[in-house]
Amino acid sequence: MMRQPKTLKALLKKNILIVIVVPTTVFIVLSIIFLMNFVKINVDHEQKMELDIIEGEMQKMFDSNIYVLSEVDAILESGIIEQEKINHYLESIINRFELFDSIRIVGKDGRIIHAPIKEQEIIGFNIAYENYFQSALNSKESYWSKVFMPTESLKPTIAISLDIQSDQMIIGYCSLNAIQKIVDDMLIEPSHSIAVVDGYGTYIAHSDFNKVSERENVLNYKKLKVNGTYVMNYNSEKLLVSSRDFKQADFTIIIYKPFFDSYFVIWYLLLLSLIFVLFVFILSIFIANRQSKPILDTISELIDQTGEISQGNYDTALEHTGIIEFNELKNNFNSMASMVQEMFNRLSESQMELEILNEDLCLQNEEIKKSEEQISVIINSTYDGILVLDAKFNIQWVNNAVYELFNINKKHLTKQSKCYDLLYGFQSKCYHCDMEVVKLSRDKLSKITTHHKKLIEETYIPNYDDTGMFLGVIKTFRDITDKVALETKLNRAIKMETVGRLTGGIAHDFNNILQVIIGYTDLVMVQMQHTGESDSVQAKLKTIYESANKAERLIKKLMTFSKIDQISPKSINLNVIVRELGTMLSRIIGDDIVLSLRLEDMLPEIFADPTQIEQIIMNLFINAKHAMPNGGSIDVHTYSIEKNGMLYVALEITDTGTGISEDIREKIFDPFFTTKDIGKGTGLGLAIVLGIVEKHHGIIEVDTTEGAGTTFTIFIPSTHIQTMIQSKADFVIDDSKLKGLNILLAEDDDSVRTIAASILRSKGIYLIEAADGRDAIKKYMDMEKKIDVLILDVIMPGINGVEVFESIKSINPNIKAIFTTGYSNDFLGEDYNLFLQGKVLQKPYKNEELILSILEVLEA
């Protein structure tokens, strides 16, 4: 923080004041300190002298007491005084010396032997219980007792003891009034006090006798026991206290003086010093103003003249003054003004050139700014996330895609943000840091990671400067979740198409074989009915016929799995199918599995093949049973729901089995994929379910948790109309309509052609057989009779059935045709279906179906 600037006038005055006032103040302060020490020494000396006087007077008093008792002891031991006169002698001593209140002769047993005449009644009393007596017995010399209050006088008293014989001692009871007289006789100021206290801190003498009579205790007695002089507060008054210990009698002498009275001289001198300093300060201000005026006037003139130069008047010349230094300063200013004038002229010329350059630079900056904004918009509009890191993992730049991919709030990004914290929530760098890998390899690195169920392709590109110093990395993120899902779906579709082609080819050959078996069996069975052959033979033929039909249904299942089947949809109620299957399914799943049905009332109908819907339910139930080897429950739930703007009917099947592990969930609809042991599953169950659902334009969803069961939900459109081939109502076969018909049959399979020819000829039809497409066209051209119906195999070598139909139709636009095939429309492809304008008959067909198809075509 910059200091507030000061004026030169203020600085000059300040310096003058410092030069005058500071030394004066220092001198006065040192003088006061010296004087205080001097006064303190005198006060301490004065206090000491007073204490010496009091102590001396008290010592005289106590020495006199000892002397008197010693004289009494000497006289008594000399035997001059007779025993009966000792009491009178003690009485005379008391009257002669006022120091004693009483003198008594006491035996070592504590009994009073002699006492003054006025105390005759106490002779014989035992004082062994008194503390001073016990202490005197133990003392080898004279003994001074503690202060005590005798019952007869109730005055502060001390007892002085001397041994006079081997079994007696003399005790003098000394009143302390003499000490009070010593204190009273001291010449002191009214504000001063002198006191003597005993070993308990109780006043025994005081300038104010009331404190003695009231037996008050002194304050801070423990501190006063230490000899010295102190400053103490007493009743809000500051006192100078001196104390001395009178050890002979365990007394303490104390002198109290007001502190300010003792140091009055110091306060007086301090006041004079302050007045003197104030006078010096005022004088200094006057001198400072007087001495600084010429300098300040010259500076003010200099400021005014330089102000004109600062406003651009460089021709102004500063005038000389009476101060040499200022004249030199003005000369320098005049030289500087001339130089500035010259530089200013040059600067004006340079400024014009700079303005032209500045305009060009502003245009370039605007272009650069627009380019940066465009680049930023382009980078932020990409779907790929871009993150720039320095070598210390700090985020330097990030585009919008990163925030969206990792669901990050922009407010959380700061200059100190680390990549491992912002992206992954770590407190330190990742254990396997890829940035360190690319730093060492100096090559980019790509890998795929998972974040919030998204597949993210991360690419690290090392960034080095021209000197080869590692600056950090440019990290890109690409969400490949949809791409991987599409690739998975494409691979599955390719696999399904490949398997479907293989299955379709096999189905075609089987259908031709089954066509021969079913055709001949049907034909023979009809003939035997007319001839009345054995029922056992007919039964065997019927078994062959039914087995062929089973084989046909198996082929349909294969075609369902490969999505090349033909379905026969109709309006059905899903609840009806579930209820009809309920009883059968409960027997299939066993007693250890509980089946529950939750069917929505008033469920909309669906347009579907009921057989294939049953196939879905059967396959899902079988999977659920295998997932619960130890039993459990299966819940079937039907309901309607709107999805993507369409009304669907949902079939939800939930088990409580083992669930599906995450690593195989993407494979469960793959053909031939199974988790069962070899021989216990084909791996086609869910693939068939998927084929049926997609054929019905439905949706299948799987919700599973490993160890907690699985839910399959099938959604079938409730009102979707599909252009599928449907079986019409049964016609009543009228053989009379067939007789006389001319039919051209083109079939490349000899066995199928032969059985079809036999069926048709048995109905009285005139039949022309062709082995392939070319043969069919040739025979049609050579035929003189009118052909009523063409029966054409769709797939034939050379020219197929559709091409034959087109060729003949160009000649006869009203020609009727029936197409037969062992393939489905899906297998044949869109190009074939567009031209199948006649009746399509799926192999293997029944003899009756062939006849009905001819009649339908004729009546169409």
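Based on the mean of other beta carbon atoms within 10 Å per residue, what is the order of 509-521, 97-109, most packed first? Provide the component values of the computation, followed by the final result.
Numbers: 509-521: 20.8, 97-109: 18.5.
Listed from highest to lowest mean packing, they are 509-521, 97-109.
I need the peptides 637-647, 343-353, 739-749 ranked by packing, meaning the mean over residues of other C-beta atoms within 10 angstrom, with the highest value on top.
Working: 637-647: 12.7, 343-353: 9.9, 739-749: 19.2.
Top of the packing list down: 739-749, 637-647, 343-353.
At a Förster radius of 51 Å, what calculated FRET efficiency corresponds to the Cβ-Cβ distance of Ser596 and Asp482, to the nearest 0.05?
Numbers: r = 38 Å, r/R0 = 0.74.
Efficiency, from the Cβ-Cβ distance: 0.85.
Hey, what's the Cα Rg ratio for the range 377-426 versus the globular rule of thumb, 2.2 N^0.38 Å? Let's see the in-between values first.
Numbers: Rg = 10.5 Å, N = 50, 2.2 N^0.38 = 9.7 Å.
Cα Rg divided by the expected 2.2 N^0.38 Å: 1.08.
Principal axes first, then extents: for the Cα atoms of the range 81-175, list largest minus smallest coordinate on each axis, whole Å, largest first.
31, 29, 22
Calculate the tail of P(r) for the range 382-479: the fraction of all Cα-Cα distances greater than 18 Å, expressed in %. Display every interim value, and only then the final one.
Values: 2072 of 4753 pairs.
I get 44 percent for the Cα pairs in the range 382-479 exceeding 18 Å.
Specify whether the C-alpha gyration tensor of the range 567-717 places it in the rounded, prolate or oblate class, a ≥ b ≥ c being the square roots of the eigenvalues: rounded for a/c under 1.5, otherwise prolate if a/b is larger than b/c and oblate if not.
On the way: a/c = 1.60, a/b = 1.34, b/c = 1.20.
It is prolate, given that a/c is not under 1.5 and a/b is the larger ratio.
Going by amide H atoms built from the backbone, whose H comes under 5 Å of the H on Ile799, apart from near neighbours?
Amide H to amide H, under 5 Å and 5 or more residues apart or across chains, Ile799 pairs with Gly773, Arg774.
Which value results when the Cα radius of gyration for the range 407-452 is divided by 2.2 N^0.38 Å?
Values: Rg = 12.6 Å, N = 46, 2.2 N^0.38 = 9.4 Å.
For the range 407-452, the normalised Cα radius of gyration is 1.33.
In sequence order, what are the phi-derived ³J(HN,Hα) couplings for the range 613-620 according to the Karplus relation 6.51 cos²θ - 1.76 cosθ + 1.60 with θ = phi - 60°, rounded to whole Hz, with x for glycine and proline?
So the Karplus estimates, Gly and Pro as x, are 5, 4, 4, 4, 4, 4, 4, 5 Hz.
Apply the Karplus curve 6.51 cos²θ - 1.76 cosθ + 1.60, θ = phi - 60°, to the phi angles in the range 374-389 and return the couplings in whole Hz, x for Gly and Pro.
Ordered by residue, 3J(HN,Hα) equals 5, 4, 4, 4, 5, 5, 6, 8, 6, 7, 7, x, 10, 9, 10, 10 Hz.
Tell me the chymotrypsin sites (Phe, Trp or Tyr not before Pro) within the range 398-464 that lie in a loop according to DSSP and have at most 14 other beta-carbon atoms within 10 Å.
Working: sites: Tyr403, Phe406, Tyr420, Tyr424, Phe426, Tyr431, Tyr460, Tyr464; in loops: Phe426, Tyr431.
Hits after loop and neighbour filter: Phe426, Tyr431.
Ranking request for peptides 354-366, 57-69: highest mean number of other beta-carbon atoms within 10 Å first, then the rest in descending order. The partial results should precede the final answer.
Details: 354-366: 10.1, 57-69: 16.6.
Ranking the peptides 354-366, 57-69 by packing returns 57-69, 354-366.
Among the listed pairs Lys550/Lys695; Lys369/Lys454; Lys695/Lys739, which are separated by more than 30 Å between their Cα atoms? Before the final figure, lay out the partial values.
Values: Lys550/Lys695 22 Å; Lys369/Lys454 36 Å; Lys695/Lys739 40 Å.
Cα-Cα > 30 Å for Lys369/Lys454; Lys695/Lys739; rest within.
Each reported figure results from applying straightforward, stated rules to the coordinates on display, with no laboratory input. Nothing here was measured: the structure is a model prediction, and the numbers come from that model. Neighbour counts are summed over all protein chains in view; Cβ atoms, including those assigned to glycine, are modelled from backbone coordinates with ideal geometry.
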